[in-house]
Amino acid sequence: PISFELDGDSSRAYITTGYFSRGAVFVAGALEFNASSTVTLGVELSASHSTKTYASTDVILQQSRVDATGSIAVQLSPTTSFYANIGRTISTMDQSGASFTGAAGLQWAFGGK
């Protein structure tokens, strides 16, 4: 993969692209901005395309798909953060598409400065 990041005072933009040797190319981009000193919001968009078709499957899958995600990160203390995101496939839905994705978690930092 090849990735780029642009940083502003209260925002960031990311883009990455690449190729997987099993036959897929992808590109993804994200925009993040600090809504406050403790809250960061983000939107992400990713697209992937299979460069190969596989006859070994009984299911016909789309070769390309596009997904969108929204995210939030909240710094609860200097060492603890909460994050969550939700998303879905926004291109043609098939058996490999996601009508809803979500993740959440806590992050703790230990030691160091």
Among 19-29, 62-72, what's the highest-first ranking by average C-beta atoms within 10 angstrom per residue?
62-72, 19-29
Using a Förster distance of 25 Å, how high is the FRET efficiency between residue 99 and residue 21, based on the Cβ-Cβ distance and rounded to 0.05?
0.25
Using 0.36 nm per residue, how much length does the chain from residue 33 to residue 13 gain when fully extended, once their Cα-Cα distance is taken away?
6.3 nm
For the chain, the Kirkwood Rh over every pair of distinct alpha carbons, in Å, works out to 16.3 Å
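A short reminder: the numbers here are calculations on the coordinates, not readings from a lab. Keep in mind the model is a prediction, meaning the values are calculated, not measured. Don't worry about glycine lacking a Cβ; one is built from the backbone with ideal geometry, like all the others, and counts go over all protein chains shown.
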